[in-house]
1. Going by the structure shown, is ILE82 on the phi < 0 side of the Ramachandran plot and within 26 Å of the chain's Cα centre (by Cα)?
2. For segment 35-93, which residues satisfy the criterion of being assigned to a loop (DSSP other than H, G, I, E, B), of a type outside the set (Val, Ile, Thr) and either surrounded by 10 or more Cβ atoms within 10 Å (Cβ to Cβ) or not assigned by TED's automatic domain parsing to the domain that holds ARG22 (or both)?
Amino acid sequence: MSAAPDFRPEPAPDELSSQEARATFAAVLRRAEQGHTTVVTNHGRRVAAIVPVDVADYIEQIETEYLLRAAREAKADPEPSIPLAEVARELGF
């Protein structure tokens, strides 16, 4: 596995309203290509971030590794499993 990319946060990542992000989308994409993150807000609430693709790829890699590890641990667990149909019935589905 290669070394983790350096994702130290910028001093103050740009925050744009969804309207501003829409109006300047090409510039926001250029900033992402240059390694900058842009946070998008909706009515003042932070709702999304446009990040460089290597950041997204790295997060996806970490998620995959976590899920694989969790699956291996669950498979190795000697406790008997409960069938999904039984769980659904107990929850009223």
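1. no
2. GLY35, HIS36, PRO52, ASP77, PRO78, GLU79, PRO80, SER81, PRO83, GLY92, PHE93
The values are calculated or read from the model by the stated rules, or taken from the named source; none is laboratory data. Note that the structure is a prediction, hence the values are computed from the model and not measured. Quick reminder, even Gly has a Cβ in these numbers, built from the backbone with ideal geometry, and neighbours come from all protein chains shown.
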